[in-house]
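Report on the structure given below.
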Amino acid sequence: MSSAVEYLGFAAAACTTCSFIPQVRLVWRERQAQGVSLSMYLIMTFGVFLWLCYGLMIDAWPVVAANGATLVLASSVLIMKWRFERGGAAAPRA
């Protein structure tokens with residue numbers, strides 16, 4: 001594969017992966033995830049996991065890197081949603 005195609009893949013991966021960062025920061029800062037759809041994030045996280053497996057199987061490192069990072073970010077939102085909705089959150093610091 002040409003390096004231009006690899007760079008395009010990494011650029012696309014960076015954009016889609018970084019799109020999760022604002023949601024992670026917002027949920028963390030506000031210590032609540034009431035507006036986050038549990039079913040959407042469960043399906044999305046599972047799909048990202050499958051993409052990660054696919055990338056590993058075909059040795060496509062842009063796919064692996066993007067989906068590995070996205071899996072961490074999406075899972076973080078799910079974990080925070082579960083924790084905060086069960087009263088495990090500390091009060092936000094001023």
Restricting the search to region 62-75, which residues are surrounded by fewer than 17 Cβ atoms within 10 Å (Cβ to Cβ) and in contact (Cβ under 8 Å) with a residue 12 or more places away in the chain?
Ser75
Only one of (1) without any contact (Cβ under 8 Å) to a residue 24 or more places away in the chain; (2) within 30 Å of Ser3 (Cβ to Cβ) is not met by Met40, so which one is it?
(2)
Counted residues, region 1-29 - those being touching a residue at least 40 places away in the same chain (Cβ under 8 Å), in a helix (DSSP H, G or I) and hydrophobic (A, V, I, L, M, F, W, C)
8
With the structure loaded, tell me whether Gln32 is in a loop (DSSP other than H, G, I, E, B) and in contact (Cβ under 8 Å) with a residue 12 or more places away in the chain or whether it fails that test.
yes
Could you list, in sequence order, the residues of region 35-47 that are part of a loop (DSSP other than H, G, I, E, B) and surrounded by fewer than 12 Cβ atoms within 10 Å (Cβ to Cβ)?
Gly35, Ser37
Only one of Val5, Val72 is of a type outside the set (Lys, Arg) and modelled with pLDDT of 95 or more. Can you tell me which?
Val72
Filter region 12-53 for residues that are more than 12 Å from Ser76 (Cβ to Cβ) and touching a Phe, Trp or Tyr at 6+ places or on another chain (Cβ under 6 Å) and give the result.
Arg31, Gln32
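The values are calculated or read from the model by the stated rules, or taken from the named source; none is laboratory data. Owing to the predicted nature of the structure, the values given are computational and were not obtained by experimental measurement. When we count neighbours, we look across all protein chains shown, and the Cβ atoms used for this are built from the backbone with ideal geometry, even at glycine.
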